[in-house]
Amino acid sequence: PRGPGTGGRPVSSDPTIFDAEVQASFAVTTRYFVNSEGARLRTVQSIAAVHITAYSRAKDGMIVDQSREFYAPTARALPKLAALIDAARGVKKDLAALRVAPVMPPYTGPAILEPAATGVFFHEVLGHRLEGHRQDKRQEGQTFRAHLGKKILPSFLSVIDDPTLKVFHGTPLNGFYRFDDEGVPAQRVVLVDRGVLRRFLMSRRPVEGFKRSNGHGRAASTRRPVARMGNLIVQAHRAVSMKRLREMLLAEVKRQKKPYGLIVRDMTGGRTNTSSYGFQAFKGLARMVYTVDAKTGVERLVRGVDIVGTPLASLGKVMAAGQKERVFNGYCGAESGFVPVSAIGPATLFREIELQRTGRAKTRGPILRIP
């Protein structure tokens with residue numbers, strides 16, 4: 001594709017990028033809901049999206065990818081062409097850096113998760129485990145069922161799910177809705193209040209101690225609704241600047257006598273297992289990970305690792321939070337299908353994060369040049 005400001009050069013002129021695409025979509029979902037309580041609802045939800053994705057290959061054959069995603073309630077609200085071109089250039093720049101970045105071995109140590117990565121982390125580690133229907137099923141691990149009224153996070157953090165929030169600091173939120181898919185008005189729910197677990201996300205399906213829905217019964221298409229997240233918000237009651245957070249990272253690295261700490265700037269998403277027959281663990285698909293040298297503070301981009309861990313242990317290692325929050329918009333898949341969600345959070349400092357080797361494919365490059 002060509003456009004203003006590109007110098008007339010097509011993306012395919014870069015021989016190091018072997019696949020790239022831009023997808024634009026606009027979907028309008030209209031639902032009609034009638035029940036025996038007398039509810040008569042017609043809800044309309046529209047989401048416009050642009051996805052910019054590109055793939056490249058490092059010298060050792062590892063496939064590296066980068067993308068940018070934009071969501072808005074209308075096509076007109078999406079970024080202008082110039083901003084999308086800048087985003088594509090950013091993807092190209094990141095891929096150039098990832099191609100030559102060294103592969104990092106498995107590692108545990110202090111780490112900062114920047115805001116977007118924090119949102120994804122809490123979505124996977126905590127959010128899914130606070131969905132109401134997971135609290136009394138034998139097939140579920142019920143990680144937090146016995147923790148109501150108990151401390152599961154530091155007292156300077158609260159976690160809220162608020163699907164009534166339409167925009168956050170100018171950014172439209174995917175997880176906004178007025179009524180859930182069981183005809184219940186959306187509600188703001190304080191899940192964790194200053195570190196203490198208070199509630200679960202509820203659909204109409206009751207759970208011991210919680211007999212009523214709080215407006216979180218959600219589903220895609222005609223699937224049966226279950227309790228799902230909308231706009232998950234990690235709120236810091238005591239926050240420090242990014243500069244101070246970095247100083248605290250280096251101090252903890254030196255205290256633990258580690259060679260370096262970590263900064264995770266971006267995550268593409270994650271996976272988690274909540275079932276009782278599997279491991280109670282999660283994986284964060286890290287995209288831009290940097291080591292921070294303990295002596296010099298120099299940052300170095302690395303590749304080939306993902307974040308892993310177990311929920312209770314990981315949540316207990318949060319040391320501090322930053323001042324600036326950021327939105328991560330996307331879709332979440334579970335039993336009731338894929339639903340639009342948002343996660344909002346500040347940067348967070350962890351005493352320890354574990355990285356494991358990624359499962360990214362390695363392939364040989366083409367023998368002949370691209371014609």
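This table checks each residue for (1) under 27 Å from the mean Cα position of the chain (by Cα); (2) surrounded by 13 or more Cβ atoms within 10 Å (Cβ to Cβ); (3) at pLDDT 95 or above.
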{"site": "THR16", "(1), (2), (3)": "no, yes, no"}
{"site": "ASP19", "(1), (2), (3)": "yes, no, no"}
{"site": "THR29", "(1), (2), (3)": "yes, no, no"}
{"site": "SER36", "(1), (2), (3)": "no, no, no"}
{"site": "ALA39", "(1), (2), (3)": "no, no, no"}
{"site": "GLN45", "(1), (2), (3)": "yes, yes, no"}
{"site": "VAL50", "(1), (2), (3)": "yes, yes, yes"}
(message) So the check is Cβ under 6 Å with 6+ separation or different chains; which pairs have a first residue in the range 185-206 that's farther than 16 Å from HIS128 by Cβ and a second one that's part of a strand (DSSP E or B) and charged (D, E, K, R)?
(response) GLY195/LYS151; VAL196/LYS151
(request) Mind counting the residues in the range 208-263 that are under 20 Å from PHE338 (Cα atoms), more than 21 Å from the chain's Cα centre (by Cα) and not polar (S, T, N, Q)? (result) 4
(request) Could you tell me whether any residue of the range 300-315 is open to solvent by less than 10 Å² (accessible area, probe 1.4 Å) and part of a loop (DSSP other than H, G, I, E, B)? (result) yes
(message) Considering only the range 336-344, I want to know if a residue exists there that is closer than 30 Å to GLU252 by Cα, β-branched (Val, Ile, Thr) and open to solvent by 10 Å² or more (accessible area, probe 1.4 Å).
(response) no
(request) Mind listing just one residue for me: the one in the range 266-296 that is at pLDDT below 95, part of a loop (DSSP other than H, G, I, E, B) and among the small types (Gly, Ala, Ser) and, of those, nearest to THR53 (Cα to Cα)? (result) ALA281
(message) Considering only residues that are closer than 19 Å to CYS332 by Cβ, touching an Asp or Glu at 6+ places or on another chain (Cβ under 7 Å) and either among the polar types (S, T, N, Q) or modelled with pLDDT under 95 (or both), which ones fall in the range 176-212?
(response) SER203
(request) Enumerate the pairs (first residue in the range 82-97 and on the phi < 0 side of the Ramachandran plot; second residue anywhere and of a type in the set (Gly, Ala, Ser)) with beta-carbon separation below 7 Å, excluding pairs fewer than 6 apart on the same chain, so at least 6 apart or on different chains. (result) ALA82/GLY5; ILE85/GLY3; ILE85/GLY5; VAL91/ALA54; VAL91/SER67; LYS92/ALA54; LEU95/ALA54; LEU95/SER56
(message) Based on this model, can you work out whether LEU262 counts as touching a helix residue (DSSP H, G or I) at 6+ places or on another chain (Cβ under 9 Å), more than 17 Å from LEU249 (Cβ to Cβ) and open to solvent by less than 60 Å² (accessible area, probe 1.4 Å)?
(response) no
(request) Identify, by number, the condition in (1) in contact with a helix residue (DSSP H, G or I) (Cβ under 9 Å, 6 or more places away or on another chain); (2) in contact (Cβ under 8 Å) with a residue 60 or more places away in the chain that ALA294 doesn't meet. (result) (2)
(request) Assess whether PRO340 counts as being modelled with pLDDT of 95 or more, of a type outside the set (Phe, Trp, Tyr) and within 27 Å of ILE160 (Cα to Cα). (result) yes
(request) Taking only the range 45-84 into account, find how many residues are hydroxyl-bearing (Ser, Thr, Tyr) and in contact with an Asp or Glu (Cβ under 6 Å, 6 or more places away or on another chain). (result) 2
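Could you say which residue among ARG76, ARG68, ARG99 is surrounded by 15 or more Cβ atoms within 10 Å (Cβ to Cβ) and in a helix (DSSP H, G or I)? Steps first, answer last, please.
Details: ARG76 fails: surrounded by 15 or more Cβ atoms within 10 Å (Cβ to Cβ); ARG68 fails: in a helix (DSSP H, G or I).
Going through ARG76, ARG68, ARG99 in turn, just one is surrounded by 15 or more Cβ atoms within 10 Å (Cβ to Cβ) and in a helix (DSSP H, G or I): ARG99.
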(message) Restricting to the range 219-240, name every residue that is closer than 23 Å to THR143 by Cα and open to solvent by 10 Å² or more (accessible area, probe 1.4 Å).
(response) PRO225, VAL226, ILE233, GLN235
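The values are calculated or read from the model by the stated rules, or taken from the named source; none is laboratory data. Every value quoted in this text rests on a predicted model; they were computed, and no experiment measured them. When we count neighbours, we look across all protein chains shown, and the Cβ atoms used for this are built from the backbone with ideal geometry, even at glycine. Only protein heavy atoms, including side chains, enter the accessible area calculation; ligands, DNA and RNA are left aside. Shrake-Rupley method; radii C 1.70, N 1.55, O 1.52, S 1.80 Å.
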